[in-house]
Amino acid sequence: MRGRDRVVNLAISLLLLTGLFAGIAELAAPPARAATSIAQTYYTPFEAQQFIDVLRGISGNAACCDTSIESTISVTSGADGNTVVYDHFEDGFEADPFSPVQASTVTLTLDSGDVWTQSSTVPIDQPGRGAGNFFDGGDMIISTSPIAVTQSGYATNPGTVHAGAVQVLDADKSGTRFDIPIGQDVNYNELFDYVGLVVVATGNGTTIQIDADGDGTFETSAPLDAGEAYVQDGGVNLGAVVIADAPVTVYVASGDIGATYEGRFIELYPTAIWSDAMVSPVGSHDAADGRTRAFLFNPNGSQIRVDVVTGSGSTAAIDIPAGEQRSFVLPLDQGARFSSQGGESFYSLQMITSEGTSTSAWDWGFTLVPEAAVTPTVIVPYGVGSRALLNNYSPVWVAADQDTTRIYVDLDGDAATGPNTDPNGDRYDFHCD
């Protein structure tokens with residue numbers, strides 16, 4: 001992203017809408033290990049050397065960036081008494097994470113709203129990554145209650161101007177097919193000069209296949225074990241496909257090649273849970289500097305029409321031919337709801353850009369959450385605000401998915417303090433209708 005004093009990537013803590021999954025969800029728990037039930041499992045996506053390769057791909061300069069990555073992992077708890085285990089990949093995963101035998105494994109107890117954050121300076125461009133265990137990609141995090149997990153990173157040089165961050169998706173948001181809704185062949189305003197993928201396995205013995213150019217032929221096949229990632233370093237076209245014989249998570253990287261500050265890293269939901277409606281809470285900042293554009297992708301075999309309703313009540317209709325993409329500029333300070341007229345599934349990523357001006361202040365993006373993945377409760381994860389915590393550049397946008405919605409906000413996330421009581425019996429600070 002652009003702006004030297006900006007947060008590594010604003011998208012990690014921006015979005016609270018009635019249904020945006022950000023770590024608290026009504027999820028079916030996987031089978032118990034030992035006597036303890038696992039609520040969620042995460043694998044961090046960006047191993048330092050792979051991450052720097054993507055940054056260099058976006059920059060267009062193989063010599064770009066210094067000899068280390070600053071990587072930060074953050075965990076925010078959504079419940080009291082939450083046992084969280086952080087298991088590093090370098091020395092192998094624990095046989096039973098709730099009975100760890102390795103000194104590197106971290107076990108914590110977090111209450112609702114607690115935030116645990118760890119950073120590492122990870123060596124790159126050398127065999128073996130150097131000694132020790134680092135907080136970067138490939139690690140496993142499990143919890144007994146819902147959590148929100150983020151990973152952010154940047155090269156030590158040039159620093160936070162060339163950086164990225166994502167909400168890490170838990171294993172329940174993994175899948176076996178992903179259709180890619182952006183591509184280098186359908187470029188807009190240099191947003192998609194570079195499009196790459198990071199594919200992360202959630203189990204051992206996984207085989208992935210990638211059709212990067214979207215021509216129907218899978219050019220790449222790779223074996224992965226749990227926590228391992230495969231990077232498709234650019235060359236991804238609109239309609240590219242990732243398939244796997246076991247669930248994986250996928251992250252999309254895009255950027256303006258040659259601009260060592262304009263990169264976006266965005267988590268992607270599997271095609272199986274794409275749906276016919278989604279909401280964006282983020283409107284444009286002004287008409288030129290800070291426009292917000294939603295890119296809508298139709299993976300179906302025939303044309304669809306998508307209706308748009310904005311926060312002011314204005315409407316529009318967008319025809320999207322089969323396998324193609326169209327965009328919509330959100331109005332100033334208004335969200336929007338997108339829904340297909342025929343109930344067809346589609347998908348959207350949203351990019352905040354600086355169109356038509358020389359400013360570099362507004363460059364980030366996020367995924368719109370399909371209604372099939374919504375939940376009535378969310379927790380805002382890590383939002384550092386700015387480098388060294390000097391400024392607060394991490395707002396939260398809220399938009400309702402349905403009419404007559406009340407959103408309850410507990411500013412410290414502990415559910416125990418605040419002047420009001422919500423329908424679940426938890427304390428909160430204020431509400432929005």
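The values are calculated or read from the model by the stated rules, or taken from the named source; none is laboratory data. Since the model is a prediction, treat every value here as computed from it, not as a measurement. FYI the Cβ positions are ideal-geometry reconstructions off the backbone, even for glycines, and counts take in every protein chain you see. Only protein heavy atoms, including side chains, enter the accessible area calculation; ligands, DNA and RNA are left aside. Shrake-Rupley method; radii C 1.70, N 1.55, O 1.52, S 1.80 Å.
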For region 38-54, does any single residue satisfy the condition of being buried (at least 20 other Cβ atoms within 10 Å of the Cβ), in contact with a strand residue (DSSP E or B) (Cβ under 8 Å, 6 or more places away or on another chain), closer than 22 Å to residue 169 by Cβ and among the small types (Gly, Ala, Ser)? yes
Listed residues 202, 207; which is farther than 17 Å from residue 268 by Cα, open to solvent by 10 Å² or more (accessible area, probe 1.4 Å) and polar (S, T, N, Q)? 207
Tally the residues that are open to solvent by less than 70 Å² (accessible area, probe 1.4 Å) and touching a strand residue (DSSP E or B) at 6+ places or on another chain (Cβ under 9 Å), restricting the search to region 417-433. 8
Pick out the one residue from 96, 125, 111, 136 that is of a type in the set (D, E, K, R) and crowded, with 18+ Cβ neighbours inside 10 Å. 136
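Please tell me if residue 339 is surrounded by fewer than 21 Cβ atoms within 10 Å (Cβ to Cβ) and outside any loop (DSSP other than H, G, I, E, B).
For residue 339, the condition - surrounded by fewer than 21 Cβ atoms within 10 Å (Cβ to Cβ) and outside any loop (DSSP other than H, G, I, E, B) - is met.
Considering only region 57-79, state which residues are farther than 24 Å from residue 169 by Cβ and open to solvent by 30 Å² or more (accessible area, probe 1.4 Å).
Within region 57-79, 60, 61, 62, 63, 66, 67 meet the criteria.
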Some residue of region 221-231 being of a type in the set (Asp, Glu) and at pLDDT below 95: no
Would you confirm whether or not region 382-391 contains a residue that is surrounded by fewer than 17 Cβ atoms within 10 Å (Cβ to Cβ) and under 20 Å from residue 239 (Cα atoms)? no
Just need a number here: residues in region 139-166 that are assigned to a loop (DSSP other than H, G, I, E, B) and open to solvent by less than 10 Å² (accessible area, probe 1.4 Å). 4
Any pair with Cβ under 6 angstrom, 6 or more apart, that starts in region 267-278 at a residue that is among the hydrophobic types (A, V, I, L, M, F, W, C) and ends at one that is outside any strand (DSSP E or B) and buried (at least 22 other Cβ atoms within 10 Å of the Cβ): 278/368
Residue 175 vs. criteria at pLDDT 95 or above, of a type in the set (Gly, Ala, Ser) and under 27 Å from residue 296 (Cβ atoms): yes
Over region 300-316, the set of residues open to solvent by 60 Å² or more (accessible area, probe 1.4 Å) and assigned to a strand (DSSP E or B) is 305, 309, 315
Report the residue count in region 236-270 for those that are of a type in the set (Val, Ile, Thr), in a loop (DSSP other than H, G, I, E, B) and surrounded by 22 or more Cβ atoms within 10 Å (Cβ to Cβ). 1
